[in-house]
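Bear in mind that the values in this text are calculations on the coordinates, not laboratory data. Since the model is a prediction, treat every value here as computed from it, not as a measurement. Every residue, glycine as well, gets a Cβ built from its backbone with ideal geometry; the counts of neighbours run over all protein chains shown.
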Amino acid sequence: IKELLNNEAKVLQHDISRIISGIKNMRTFQGESPLFVRCPEDDTRNFRNMFYSKLSSYRSEAIFPNLETFMDEYLHKRKHHWLWQKEKKDKQKAIQRGYKRKASTGRSLLSRKVKSTIVEDEQISFLNKELKTTNPNKSSILVSTQEKEHILNVQFCSAFQSGSTFNVRTMDDDIDNCELVLSNVDYENKNIFGFFRIFETVDATKSYYQQVTNLVHYLCGYDSNSSSLPRSASLLRKLNILNRLGNDKRVTLPSGNLSDGSSVIPIEGYIIDFMTNDLRFLKSPKLDSKIVFRSSVATKMKSSRIRIQLLEWMRIQPFVQFKESYFLKFLNETNKNLLQFPKSKAPRMQKSEALHMTKEFRSNIYELTKDFPWDEDASIPVWEEQKAARQFGPRKYRDFFMDDWERNLAHRLSEQLTRDDSASLVNIQLNYILFTLKVDIIEYLNTVIECYLQKSSMPTEVRDAYNNVFEKILTEEEDKRDADRESQVTTLICSLNRKTREMEIHNTSPFL
């Protein structure tokens with residue numbers, strides 16, 4: 001049996017090493033992201049422990065405590081300026097003793113990042129003014145606690161201000177069919193107000209009605225990666241009216257812009273500063289008193305809800321980089337452990353479980369990496385085969401490995417973002433602006449349907465029939481609007497790269 005296990009490990013190691021070689025040979029591969037500093041918890045020992053034990057054993061509440069508590073505590077510390085307390089004490093001791101304290105890995109990385117980052121067309125020049133006066137021996141590129149907090153508060157960027165506009169592509173046709181206009185960006189209060197404006201003539205082959213419908217479908221959660229329907233019943237019924245108007249041969253839709261607000265969709269949102277706003281964009285659910293009484297159940301539900309939100313953020317930059325770095329670390333450590341497999345003194349059962357986990361990992365390579373900015377024509381063994389198989393349709397089932405992987409991934413990201421001395425968070429705020437936008441899709445649908453019912457040509461009885469159905473929906477909607485409110489508002493999570501000025505928008509509706 002020992003020989004069989006060793007031979008199986010050798011075959012798996014060969015596959016893993018080929019995958020590593022294929023990734024490194026990609027034209028766009030740049031290695032692990034420098035934005036995210038490796039935490040002490042992410043050392044080799046932890047990967048080895050995970051390798052020689054069931055990945056699902058990491059589910060316990062002792063290992064995965066309440067993520068809501070983590071994030072609430074971090075916001076509390078930010079508000080009271082309690083972060084980086086250890087660094088403050090170390091600096092004071094170093095000044096008193098009169099020698100230069102050795103910079104940590106996190107500080108060194110942050111210093112290099114600050115030195116090379118350009119924000120707002122000017123190189124950051126305010127760094128470490130305090131330290132220069134109090135201790136001349138300190139390096140001029142070190143970043144003080146006060147300056148770190150200043151960075152976390154979100155600094156001004158000319159690409160992101162009142163009046164800024166961004167072209168937005170809502171469908172998979174490589175055409176920008178609307179623009180996002182920021183009418184008011186308040187850096188002090190972290191508020192954003194603006195609107196989406198539909199381009200009247202984007203594609204000669206498409207009517208204005210199609211442009212409106214495409215945007216509505218996008219905001220409602222229709223996506224090429226998801227076949228889910230909106231959770232709101234009234235939203236579904238209104239979408240049905242809009243679709244029927246376009247397909248009804250008795251109805252002649254007006255051409256061109258309808259005006260009357262149909263081409264503009266108001267939005268509002270907030271900037272994420274990790275003091276008043278963090279990555280959580282869903283309200284905490286009101287739990288039943290019986291569930292609250294069972295604190296372990298309540299903790300698990302709250303953590304699960306936050307985990308879902310963190311996974312959504314990992315679909316866009318810069319958190320895709322964290323997701324990719326975590327994958328690369330796991331891939332390389334798995335390869336090292338397989339190389340040392342014959343020498344391992346682990347029990348036979350643990351070895352067998354380690355090989356099983358590696359097989360699961362290998363069979364999910366494409367699923368784990370599909371959000372990465374890899375070359376479309378990348379030649380990566382196993383990955384290519386799985387990618388080709390997905391073209392025939394999504395997987396019909398979801399295995400436990402992916403659930404456990406995402407649980408670990410979300411927990412590691414939470415650790416990175418809630419550490420008292422987090423250099424990763426400062427790196428992120430130096431290079432990106434994170435923000436969320438809310439769209440009341442119900443109100444916009446009401447405006448669009450009313451415009452088409454008034455301005456379309458159709459027999460009187462047909463118009464009356466549509467109006468009766470629409471008024472009935474509105475009447476029923478008033479009774480339960482508050483209860484169904486969250487499912488009627490679309491949440492978009494966004495990031496803006498300060499250097500390239502590229503913005504990414506992700507609609508969370510299809511995945512929640």
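Could you rank the peptides 244-250, 188-194, 355-361 by their average count of other C-beta atoms within 10 Å per residue, with the highest value first?
Order by mean packing, descending: 355-361, 188-194, 244-250.
Can you list the residues, at least 5 places off or on another chain, whose amide H is less than 5 Å from the amide H of V168, using H built in the peptide plane?
Result for V168 returns N177, C178, E179, L180.
Which whole-Hz couplings ³J(HN,Hα) result when phi for each residue of the stretch 217-222 is put into the Karplus expression 6.51 cos²θ - 1.76 cosθ + 1.60, θ = phi - 60°, listed in order with x for Gly and Pro?
4, 4, 5, 7, x, 6
Applying 1/(1 + (r/R0)^6) with R0 = 41 Å to the Cβ-Cβ distance of R501 and D72, what FRET efficiency is obtained, to the nearest 0.05? Kindly include the intermediate steps, with their values, before the conclusion.
Numbers: r = 33 Å, r/R0 = 0.81.
Result of the calculation: an efficiency of 0.80.
I'd like the Karplus ³J(HN,Hα) series for the stretch 365-370: coefficients 6.51, -1.76, 1.60, θ = phi - 60°, whole numbers in Hz, and an x wherever there's a Gly or Pro.
Couplings: 4, 5, 4, 6, 10, 5 Hz.
Given H placed 1.01 Å from N in the peptide plane, which residues other than close sequence neighbours of F372 have an amide H under 5 Å from its amide H?
Residues meeting the criterion, in which the H sits 1.01 Å from N, do not exist here.
I need the peptides 148-157, 315-324 ranked by packing, meaning the mean over residues of other C-beta atoms within 10 angstrom, with the highest value on top. Provide the component values of the computation, followed by the final result.
Values: 148-157: 17.9, 315-324: 21.4.
The densest-packed peptide leads the list: 315-324, 148-157.
Once phi is turned into θ = phi - 60°, what whole-Hz ³J(HN,Hα) does the Karplus curve with 6.51, -1.76 and 1.60 give for every residue of the stretch 144-161, x standing for Gly and Pro?
6, 4, 4, 6, 5, 5, 4, 5, 5, 6, 6, 8, 4, 9, 5, 6, 10, 8
With a ≥ b ≥ c the root eigenvalues of the C-alpha gyration tensor of the stretch 327-429, is it rounded (a/c under 1.5), prolate (a/b larger than b/c) or oblate? All intermediate terms of the calculation are to be shown ahead of the outcome.
Details: a/c = 1.74, a/b = 1.07, b/c = 1.63.
Judged from the Cα gyration tensor, the stretch 327-429 comes out oblate (a/c at least 1.5, b/c at or above a/b).
Taking amide H atoms as placed 1.01 Å from N in the peptide plane, list the residues 5 or more away in sequence, or in a different chain, whose amide H sits under 5 Å from that of I267.
For I267, whose amide H was placed from the backbone, the distant partners under 5 Å are G194, F195, F196.
Grab the beta carbon distance between D186 and K2, set R0 = 60 Å, and tell me the FRET efficiency rounded to 0.05. Numbers along the way, then the final one.
Values: r = 66 Å, r/R0 = 1.10.
Computed FRET efficiency for D186 and K2: 0.35.
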